[in-house]
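Following: one structure in C-alpha coordinates, then a few remarks.
The values are calculated or read from the model by the stated rules, or taken from the named source; none is laboratory data. Not measured: the values here are computed from a predicted model. For neighbour counting, all protein chains shown are included, and Cβ atoms are generated from backbone atoms with ideal geometry for every residue, glycine included. Calculation scope for accessible area: heavy atoms of the full protein, side chains included, ligands and nucleic acids excluded. Shrake-Rupley method; radii C 1.70, N 1.55, O 1.52, S 1.80 Å.
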Amino acid sequence: MDALRKQATKLREQVARQQQAVLKQFGGGGFGISDNVITDEAELQQYRRIEQLYISTRSSKHFQRDIVRGVEGFIVTGSKQVEIGTKLSDDSRKYGVENSCTSDHTLSIAALIFSQARSHMEKERENLLKSLSTLVVEPLRAMVVGAQLEDARHLAQRYEKMRQEAETQTIEVSKCQIKLREAPGYVDNSLKLEAAETKLQELKSNMTVLGKEAIAAMAAVEAQQQRLTLQRLIAMIESERSYHLKSLQILDQIAGEMVSKRQGFEASPSSVLDEPVPPPQSCEEADGVYPSHTFDGLTDCMGYFLGEVVHSHQAESDAELDLSVGDFVVVRKVSKNGWAEGECKGKAGWFPFGYVERRDRVLASKIAEIF
(Lines give C-alpha, C1' and ligand atoms only; values in the text may rest on other atoms or scores of the structure.)
Protein backbone atom coordinates (compact mmCIF):
# COMPACT_ATOMS: atom_id res chain seq x y z
CA MET A 1 0.00 0.00 0.00
CA ASP A 2 2.80 2.39 0.86
CA ALA A 3 4.48 1.67 -2.46
CA LEU A 4 1.25 2.35 -4.40
CA ARG A 5 0.68 5.56 -2.41
CA LYS A 6 4.18 6.78 -3.26
CA GLN A 7 3.74 5.98 -6.94
CA ALA A 8 0.41 7.84 -7.03
CA THR A 9 1.99 10.85 -5.35
CA LYS A 10 4.88 10.79 -7.84
CA LEU A 11 2.44 10.58 -10.75
CA ARG A 12 0.45 13.57 -9.49
CA GLU A 13 3.64 15.62 -9.12
CA GLN A 14 4.73 14.81 -12.68
CA VAL A 15 1.33 15.80 -14.10
CA ALA A 16 1.32 19.02 -12.06
CA ARG A 17 4.78 19.98 -13.34
CA GLN A 18 3.74 19.37 -16.93
CA GLN A 19 0.55 21.40 -16.51
CA GLN A 20 2.49 24.26 -14.95
CA ALA A 21 4.92 24.24 -17.85
CA VAL A 22 2.04 24.51 -20.31
CA LEU A 23 0.34 27.29 -18.35
CA LYS A 24 3.61 29.20 -18.11
CA GLN A 25 4.10 29.10 -21.87
CA PHE A 26 0.54 29.75 -23.02
CA GLY A 27 -1.15 31.58 -20.18
CA GLY A 28 0.01 35.03 -21.36
CA GLY A 29 -1.63 34.83 -24.81
CA GLY A 30 0.07 35.43 -28.13
CA PHE A 31 2.85 33.05 -29.06
CA GLY A 32 5.50 31.32 -26.96
CA ILE A 33 8.08 28.72 -27.85
CA SER A 34 7.57 25.32 -26.22
CA ASP A 35 10.35 22.81 -26.77
CA ASN A 36 9.54 20.60 -23.74
CA VAL A 37 6.45 18.73 -24.92
CA ILE A 38 6.27 18.83 -28.73
CA THR A 39 9.76 18.02 -29.93
CA ASP A 40 9.10 17.51 -33.66
CA GLU A 41 11.68 19.74 -35.39
CA ALA A 42 9.55 20.48 -38.50
CA GLU A 43 6.58 21.48 -36.37
CA LEU A 44 8.80 23.65 -34.19
CA GLN A 45 10.21 25.48 -37.23
CA GLN A 46 6.70 25.98 -38.56
CA TYR A 47 5.59 27.38 -35.23
CA ARG A 48 8.51 29.79 -35.03
CA ARG A 49 7.84 31.00 -38.59
CA ILE A 50 4.22 31.78 -37.72
CA GLU A 51 5.39 33.57 -34.60
CA GLN A 52 7.79 35.73 -36.65
CA LEU A 53 5.10 36.59 -39.20
CA TYR A 54 2.63 37.42 -36.45
CA ILE A 55 5.06 39.86 -34.84
CA SER A 56 6.08 41.36 -38.20
CA THR A 57 2.53 41.99 -39.42
CA ARG A 58 1.54 43.43 -36.06
CA SER A 59 4.48 45.87 -36.14
CA SER A 60 3.70 46.88 -39.73
CA LYS A 61 0.07 47.45 -38.81
CA HIS A 62 1.09 49.73 -35.95
CA PHE A 63 3.50 51.61 -38.23
CA GLN A 64 0.78 52.11 -40.85
CA ARG A 65 -1.56 53.37 -38.15
CA ASP A 66 1.09 55.80 -36.90
CA ILE A 67 1.59 57.15 -40.43
CA VAL A 68 -2.15 57.66 -40.86
CA ARG A 69 -2.42 59.51 -37.55
CA GLY A 70 0.64 61.65 -38.31
CA VAL A 71 -0.52 62.63 -41.81
CA GLU A 72 -4.04 63.35 -40.54
CA GLY A 73 -2.53 65.71 -37.98
CA PHE A 74 -0.44 67.32 -40.72
CA ILE A 75 -3.60 67.81 -42.82
CA VAL A 76 -5.46 69.45 -39.93
CA THR A 77 -2.54 71.80 -39.26
CA GLY A 78 -2.11 72.49 -42.97
CA SER A 79 -5.78 73.36 -43.36
CA LYS A 80 -5.40 75.95 -40.62
CA GLN A 81 -2.33 77.37 -42.38
CA VAL A 82 -4.32 77.62 -45.62
CA GLU A 83 -6.99 79.57 -43.76
CA ILE A 84 -4.42 81.96 -42.28
CA GLY A 85 -2.57 82.37 -45.59
CA THR A 86 -5.79 83.06 -47.47
CA LYS A 87 -6.70 85.75 -44.94
CA LEU A 88 -3.26 87.33 -45.42
CA SER A 89 -3.78 87.28 -49.19
CA ASP A 90 -7.18 88.95 -48.86
CA ASP A 91 -5.83 91.63 -46.52
CA SER A 92 -2.93 92.37 -48.88
CA ARG A 93 -5.25 92.63 -51.85
CA LYS A 94 -7.54 94.95 -49.93
CA TYR A 95 -4.66 97.25 -49.07
CA GLY A 96 -3.40 97.24 -52.66
CA VAL A 97 -6.83 98.16 -54.03
CA GLU A 98 -7.69 100.79 -51.45
CA ASN A 99 -4.31 102.55 -51.31
CA SER A 100 -3.34 102.93 -54.94
CA CYS A 101 -3.87 106.69 -54.68
CA THR A 102 -0.94 107.24 -52.30
CA SER A 103 1.88 109.60 -53.25
CA ASP A 104 3.74 106.60 -54.62
CA HIS A 105 1.71 103.53 -55.51
CA THR A 106 4.68 101.13 -55.53
CA LEU A 107 3.67 99.54 -52.22
CA SER A 108 0.07 99.07 -53.30
CA ILE A 109 1.21 97.29 -56.47
CA ALA A 110 3.62 95.19 -54.43
CA ALA A 111 0.77 94.29 -52.08
CA LEU A 112 -1.35 93.15 -55.04
CA ILE A 113 1.53 91.08 -56.42
CA PHE A 114 2.10 89.53 -53.00
CA SER A 115 -1.62 88.84 -52.60
CA GLN A 116 -1.81 86.95 -55.87
CA ALA A 117 1.35 84.95 -55.13
CA ARG A 118 0.13 84.07 -51.65
CA SER A 119 -3.21 82.97 -53.07
CA HIS A 120 -1.45 80.66 -55.54
CA MET A 121 0.72 79.20 -52.78
CA GLU A 122 -2.29 78.43 -50.62
CA LYS A 123 -3.95 76.69 -53.56
CA GLU A 124 -0.85 74.56 -53.96
CA ARG A 125 -0.97 73.76 -50.25
CA GLU A 126 -4.60 72.71 -50.60
CA ASN A 127 -3.62 70.42 -53.49
CA LEU A 128 -0.87 68.91 -51.32
CA LEU A 129 -3.29 68.18 -48.47
CA LYS A 130 -5.76 66.56 -50.88
CA SER A 131 -2.98 64.41 -52.35
CA LEU A 132 -1.84 63.27 -48.91
CA SER A 133 -5.37 62.28 -48.00
CA THR A 134 -5.99 60.41 -51.26
CA LEU A 135 -2.58 58.83 -51.82
CA VAL A 136 -1.46 58.11 -48.24
CA VAL A 137 -4.17 58.18 -45.59
CA GLU A 138 -6.97 56.34 -47.39
CA PRO A 139 -4.93 53.35 -48.72
CA LEU A 140 -3.11 52.76 -45.44
CA ARG A 141 -6.26 53.07 -43.34
CA ALA A 142 -8.02 50.59 -45.63
CA MET A 143 -5.28 48.02 -45.04
CA VAL A 144 -5.11 48.59 -41.29
CA VAL A 145 -8.81 47.78 -40.91
CA GLY A 146 -8.96 45.38 -43.88
CA ALA A 147 -10.23 41.82 -43.78
CA GLN A 148 -7.11 40.21 -45.28
CA LEU A 149 -4.96 40.91 -42.23
CA GLU A 150 -7.65 39.82 -39.80
CA ASP A 151 -8.30 36.59 -41.73
CA ALA A 152 -4.60 35.73 -41.69
CA ARG A 153 -4.30 36.47 -37.99
CA HIS A 154 -7.40 34.35 -37.36
CA LEU A 155 -5.68 31.38 -39.02
CA ALA A 156 -2.63 31.91 -36.83
CA GLN A 157 -4.83 32.03 -33.73
CA ARG A 158 -6.60 28.83 -34.76
CA TYR A 159 -3.21 27.21 -35.21
CA GLU A 160 -2.16 28.38 -31.74
CA LYS A 161 -5.35 26.98 -30.20
CA MET A 162 -4.83 23.62 -31.91
CA ARG A 163 -1.22 23.56 -30.75
CA GLN A 164 -2.36 24.06 -27.17
CA GLU A 165 -4.73 21.11 -27.60
CA ALA A 166 -1.78 19.06 -28.83
CA GLU A 167 0.22 20.12 -25.79
CA THR A 168 -2.60 18.99 -23.51
CA GLN A 169 -2.96 15.73 -25.41
CA THR A 170 0.79 15.10 -25.11
CA ILE A 171 0.39 15.34 -21.33
CA GLU A 172 -2.49 12.88 -21.52
CA VAL A 173 -0.32 10.44 -23.46
CA SER A 174 2.39 10.77 -20.79
CA LYS A 175 -0.13 9.99 -18.06
CA CYS A 176 -1.33 6.90 -19.89
CA GLN A 177 2.24 5.71 -20.40
CA ILE A 178 2.96 6.06 -16.67
CA LYS A 179 -0.17 4.13 -15.76
CA LEU A 180 0.73 1.38 -18.24
CA ARG A 181 4.21 1.06 -16.77
CA GLU A 182 2.72 0.78 -13.28
CA ALA A 183 0.18 -1.87 -14.35
CA PRO A 184 1.47 -3.46 -17.56
CA GLY A 185 -1.08 -6.24 -17.54
CA TYR A 186 -4.09 -3.95 -17.30
CA VAL A 187 -5.75 -3.98 -20.76
CA ASP A 188 -7.78 -0.80 -20.18
CA ASN A 189 -4.58 1.20 -19.75
CA SER A 190 -3.27 -0.06 -23.10
CA LEU A 191 -6.51 0.93 -24.85
CA LYS A 192 -6.46 4.39 -23.29
CA LEU A 193 -2.85 4.91 -24.35
CA GLU A 194 -3.59 3.81 -27.90
CA ALA A 195 -6.58 6.17 -28.13
CA ALA A 196 -4.61 9.08 -26.69
CA GLU A 197 -1.73 8.54 -29.13
CA THR A 198 -4.16 8.33 -32.09
CA LYS A 199 -5.80 11.60 -31.12
CA LEU A 200 -2.38 13.23 -30.71
CA GLN A 201 -1.34 12.14 -34.20
CA GLU A 202 -4.58 13.54 -35.66
CA LEU A 203 -3.98 16.85 -33.93
CA LYS A 204 -0.41 17.01 -35.20
CA SER A 205 -1.54 16.22 -38.76
CA ASN A 206 -4.27 18.87 -38.70
CA MET A 207 -1.88 21.30 -37.08
CA THR A 208 0.63 20.84 -39.91
CA VAL A 209 -1.98 21.59 -42.58
CA LEU A 210 -3.36 24.60 -40.71
CA GLY A 211 0.15 25.88 -40.04
CA LYS A 212 0.97 25.89 -43.75
CA GLU A 213 -2.22 27.83 -44.49
CA ALA A 214 -1.44 30.33 -41.74
CA ILE A 215 2.13 30.83 -42.99
CA ALA A 216 0.96 31.41 -46.58
CA ALA A 217 -1.72 33.91 -45.51
CA MET A 218 0.53 35.78 -43.07
CA ALA A 219 3.42 35.90 -45.57
CA ALA A 220 1.11 37.37 -48.23
CA VAL A 221 -0.10 40.04 -45.81
CA GLU A 222 3.46 40.82 -44.73
CA ALA A 223 4.57 41.31 -48.35
CA GLN A 224 1.58 43.53 -49.10
CA GLN A 225 2.18 45.61 -45.98
CA GLN A 226 5.82 46.14 -46.88
CA ARG A 227 5.06 47.02 -50.50
CA LEU A 228 2.08 49.30 -49.84
CA THR A 229 3.70 51.18 -46.97
CA LEU A 230 6.84 51.87 -49.00
CA GLN A 231 4.76 53.04 -51.97
CA ARG A 232 2.73 55.41 -49.79
CA LEU A 233 5.87 56.85 -48.20
CA ILE A 234 7.31 57.52 -51.66
CA ALA A 235 4.01 59.09 -52.77
CA MET A 236 4.07 61.36 -49.71
CA ILE A 237 7.63 62.46 -50.45
CA GLU A 238 6.84 63.13 -54.11
CA SER A 239 3.73 65.14 -53.23
CA GLU A 240 5.64 67.29 -50.75
CA ARG A 241 8.53 67.70 -53.16
CA SER A 242 6.17 68.86 -55.92
CA TYR A 243 4.51 71.32 -53.54
CA HIS A 244 7.81 72.82 -52.42
CA LEU A 245 9.13 73.12 -55.99
CA LYS A 246 5.98 74.95 -57.11
CA SER A 247 6.10 77.17 -54.03
CA LEU A 248 9.76 77.93 -54.72
CA GLN A 249 8.88 78.86 -58.29
CA ILE A 250 6.19 81.25 -57.07
CA LEU A 251 8.54 82.76 -54.50
CA ASP A 252 11.30 83.22 -57.07
CA GLN A 253 8.90 85.02 -59.37
CA ILE A 254 7.48 87.30 -56.69
CA ALA A 255 10.96 88.04 -55.35
CA GLY A 256 12.05 89.21 -58.79
CA GLU A 257 8.98 91.39 -59.17
CA MET A 258 9.40 92.87 -55.70
CA VAL A 259 13.07 93.70 -56.32
CA SER A 260 12.13 95.29 -59.65
CA LYS A 261 9.52 97.45 -57.93
CA ARG A 262 11.96 98.45 -55.21
CA GLN A 263 14.59 99.42 -57.74
CA GLY A 264 12.04 101.46 -59.65
CA PHE A 265 10.97 103.14 -56.45
CA GLU A 266 14.55 104.05 -55.54
CA ALA A 267 15.53 105.19 -59.04
CA SER A 268 12.62 107.49 -59.98
CA PRO A 269 10.45 110.10 -58.20
CA SER A 270 7.04 109.05 -57.05
CA SER A 271 3.91 110.10 -58.85
CA VAL A 272 1.36 112.07 -56.88
CA LEU A 273 -2.40 111.91 -57.18
CA ASP A 274 -4.41 114.86 -55.95
CA GLU A 275 -7.93 113.78 -55.23
CA PRO A 276 -8.84 110.45 -53.67
CA VAL A 277 -11.73 108.49 -55.17
CA PRO A 278 -13.43 105.32 -54.02
CA PRO A 279 -12.50 101.93 -55.57
CA PRO A 280 -13.77 101.18 -59.08
CA GLN A 281 -15.86 98.20 -57.97
CA SER A 282 -18.75 100.59 -57.41
CA CYS A 283 -20.11 101.21 -60.91
CA GLU A 284 -21.43 104.67 -60.20
CA GLU A 285 -18.14 105.79 -58.68
CA ALA A 286 -16.00 103.94 -61.22
CA ASP A 287 -17.24 106.14 -64.09
CA GLY A 288 -15.31 109.13 -62.74
CA VAL A 289 -12.40 109.68 -65.14
CA TYR A 290 -10.02 112.44 -64.25
CA PRO A 291 -8.39 114.25 -67.22
CA SER A 292 -5.06 116.01 -67.04
CA HIS A 293 -3.83 113.97 -64.09
CA THR A 294 -0.59 112.01 -64.23
CA PHE A 295 -0.69 108.30 -63.27
CA ASP A 296 2.59 106.40 -63.45
CA GLY A 297 3.88 108.88 -65.98
CA LEU A 298 0.78 108.64 -68.22
CA THR A 299 -1.91 111.24 -68.79
CA ASP A 300 -5.54 110.20 -69.13
CA CYS A 301 -7.50 112.65 -71.26
CA MET A 302 -10.54 110.51 -71.99
CA GLY A 303 -8.59 109.07 -74.93
CA TYR A 304 -7.94 105.36 -75.44
CA PHE A 305 -4.45 103.89 -75.56
CA LEU A 306 -2.87 100.45 -75.70
CA GLY A 307 -1.18 98.89 -72.71
CA GLU A 308 0.90 95.71 -72.41
CA VAL A 309 0.34 93.52 -69.35
CA VAL A 310 3.54 93.23 -67.28
CA HIS A 311 1.97 91.50 -64.24
CA SER A 312 -0.71 88.82 -64.48
CA HIS A 313 -4.03 89.46 -62.75
CA GLN A 314 -6.70 86.95 -61.76
CA ALA A 315 -10.22 88.36 -61.68
CA GLU A 316 -11.92 88.27 -58.29
CA SER A 317 -15.36 89.19 -59.69
CA ASP A 318 -17.23 89.37 -62.97
CA ALA A 319 -16.43 93.09 -63.18
CA GLU A 320 -12.67 92.41 -63.43
CA LEU A 321 -10.48 91.14 -66.26
CA ASP A 322 -8.20 88.11 -66.26
CA LEU A 323 -4.82 89.28 -67.56
CA SER A 324 -1.69 87.33 -68.47
CA VAL A 325 1.79 88.75 -68.97
CA GLY A 326 2.16 89.77 -72.62
CA ASP A 327 -1.55 90.48 -73.22
CA PHE A 328 -2.51 93.84 -74.72
CA VAL A 329 -5.38 95.90 -73.37
CA VAL A 330 -7.29 98.86 -74.74
CA VAL A 331 -7.29 101.20 -71.74
CA ARG A 332 -10.43 103.35 -71.80
CA LYS A 333 -10.68 104.75 -68.30
CA VAL A 334 -8.27 105.31 -65.46
CA SER A 335 -9.53 105.77 -61.91
CA LYS A 336 -7.38 107.70 -59.47
CA ASN A 337 -7.42 104.82 -56.99
CA GLY A 338 -5.13 102.81 -59.25
CA TRP A 339 -7.68 100.84 -61.25
CA ALA A 340 -8.41 101.09 -64.95
CA GLU A 341 -11.19 99.93 -67.23
CA GLY A 342 -10.54 98.46 -70.62
CA GLU A 343 -10.97 95.61 -73.06
CA CYS A 344 -8.88 92.49 -73.65
CA LYS A 345 -9.68 89.50 -75.83
CA GLY A 346 -13.22 90.69 -76.43
CA LYS A 347 -14.08 91.20 -72.76
CA ALA A 348 -14.35 94.48 -70.86
CA GLY A 349 -13.63 94.95 -67.17
CA TRP A 350 -11.48 96.49 -64.46
CA PHE A 351 -7.88 95.70 -63.59
CA PRO A 352 -5.01 97.28 -61.59
CA PHE A 353 -3.60 100.03 -63.79
CA GLY A 354 -0.10 99.44 -62.47
CA TYR A 355 -0.17 95.98 -64.06
CA VAL A 356 0.07 97.43 -67.60
CA GLU A 357 2.55 99.67 -69.39
CA ARG A 358 1.65 102.01 -72.22
CA ARG A 359 2.78 101.01 -75.70
CA ASP A 360 2.82 103.47 -78.61
CA ARG A 361 3.75 100.84 -81.17
CA VAL A 362 2.15 97.41 -81.34
CA LEU A 363 2.22 94.73 -84.02
CA ALA A 364 -0.97 94.42 -86.02
CA SER A 365 -1.28 90.74 -85.04
CA LYS A 366 -1.30 91.73 -81.35
CA ILE A 367 -4.02 94.33 -81.95
CA ALA A 368 -6.18 91.63 -83.56
CA GLU A 369 -5.90 89.51 -80.41
CA ILE A 370 -7.39 92.27 -78.27
CA PHE A 371 -10.76 92.06 -79.96
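Please state the charge dipole magnitude for region 106-176, taken about the Cα centre, from unit charges on C-beta atoms (+1 on K and R, -1 on D and E), reported in debye and rounded to the nearest 20. Before the final figure, lay out each step's value.
On the way: 10 positive and 10 negative charges, 42 e Å.
The dipole of region 106-176 has a size of about 200 debye.
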> What whole-number value in Å² describes the accessible area per residue of region 37-167 for a 1.4 Å probe?
Replying inline: 50 Å²
> residue 185: net charge of surrounding residues, Cβ under 15 Å, Lys/Arg +1, Asp/Glu -1, itself excluded?
Replying inline: +1
> Could you give me the ³J(HN,Hα) list for region 181-198, computed from phi with Karplus coefficients 6.51, -1.76, 1.60 and θ = phi - 60°, whole Hz, x at Gly and Pro?
Replying inline: 5, 6, 9, x, x, 8, 5, 4, 5, 5, 5, 5, 5, 5, 5, 5, 5, 5
> Along region 153-158, what does the Karplus equation 6.51 cos²θ - 1.76 cosθ + 1.60 (θ = phi - 60°) give for ³J(HN,Hα), rounded to whole Hz, x for Gly and Pro?
Replying inline: 5, 5, 4, 4, 5, 5
> For region 92-161, with the dipole built from +1 on Lys and Arg beta-carbon atoms and -1 on Asp and Glu ones, taken about the Cα centre, which of 145, 157, 107 lies farthest toward the positive end?
Replying inline: 157
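Give me the percent of accessible area attributable to carbon and sulfur for region 210-261, probe 1.4 angstrom. Write out the running numbers ahead of the final one.
On the way: 1810 of 3040 Å².
That share works out to 60 percent.
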> Any idea what the dipole of region 39-135 comes to, in debye rounded to 20, about its Cα centre with Lys/Arg Cβ at +1 and Asp/Glu Cβ at -1?
Replying inline: 120 debye
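Per residue, how large is the accessible surface of region 304-350? Use a 1.4 angstrom probe and give square angstrom. Spell out each step's value before the answer.
Working: 1780 Å² over 47 residues.
Per residue, region 304-350 has 38 Å² of solvent-accessible surface.
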>> As a test of reading the structure, rank 359, 153, 141 by solvent-accessible area (1.4 Å probe, protein chains only), most first.
In response: 141, 359, 153
> If you take the beta carbon distance between residue 360 and residue 123 as r and set R0 to 51 Å, what does 1/(1 + (r/R0)^6) give as a FRET efficiency, to the nearest 0.05?
Replying inline: 0.85
> In the P(r) worked out for region 123-250, what percent of Cα pairs fall beyond 16 Å?
Replying inline: 73 percent
> Quick one: length gained pulling residue 348 to residue 312 fully straight, 0.36 nm per residue minus the C-alpha distance?
Replying inline: 11.4 nm
> From the backbone phi of region 82-94, what are the Karplus-calculated ³J(HN,Hα) couplings (6.51 cos²θ - 1.76 cosθ + 1.60, θ = phi - 60°) in whole Hz, Gly and Pro given as x?
Replying inline: 4, 4, 5, x, 5, 4, 4, 4, 5, 5, 5, 5, 4
